[in-house]
Amino acid sequence: MKVNTQINTTSTAVEIFKTNVTHNQLANKIVADLKHLYPEYRINFDLEDCDKVLRIESYTGIDILGILNYGSLNSLEINLIDY
């Protein structure tokens, strides 16, 4: 029996935000803007979800206040979902 002796000890931070984004064009712009500000983040939208979810994943932590401020500065509703 083979046993994998490697253990992955890296942890990933994931945050989910509820938004008011309804169009792919705007979602793509937001993703591009945020990737420019935070190139180490993995960012995507789920516009089919009732909360129009913005999902951010990172190995280095997530600047929640920076994301919320981005929303405010761009007249977007972006709110952290507690889970």
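Values in this text are rule-based calculations from the coordinates and carry no lab data. Given the structure is predicted, the values throughout are model-derived calculations rather than measurements. Quick reminder, even Gly has a Cβ in these numbers, built from the backbone with ideal geometry, and neighbours come from all protein chains shown.
Here are a few things to note about the model shown:
- Structure-based [θ]222 nm, the chain - -39500 (n - 2.57) summed over DSSP H runs of at least 4, per residue, nearest 500: -9000 deg cm²/dmol
- For the chain, a Gaussian network of Cα nodes joined below 10 Å ranks E57, E15, E48 by mean-square fluctuation, and the top entry is E48.
- One chain, two ends: R55 and N79. Fully extended at 0.36 nm per residue, the span grows by 7.5 nm beyond their Cα-Cα distance.
- Compactness relative to 2.2 N^0.38 Å, alpha carbon Rg of the chain: 1.29
- Spin-label pair A13-I64: with each label point 7 Å from Cα along the Cα-Cβ axis, the two points sit 1.0 nm from one another.
- Each listed q (0.28, 0.30 Å⁻¹) maps to a log10 I(q)/I(0) for the stretch 36-83 from the Debye sum over equal C-alpha point scatterers, namely -1.31, -1.37.
- Each residue of the stretch 50-63 is assigned a 3J(HN,Hα), and the resulting list reads 4, 8, 6, 5, 9, 10, 10, 10, 7, 8, 10, x, 10, 7 Hz, derived from the Karplus form 6.51 cos²θ - 1.76 cosθ + 1.60 (θ = phi - 60°), x at Gly and Pro.
- Rounded to 10°, Cα long-axis angle of helix 24-37 versus longest principal axis of the chain: 60 degrees
- Cα long-axis angle, helix 64-73 against the chain (0 to 90 degrees, to the nearest 10): 20 degrees
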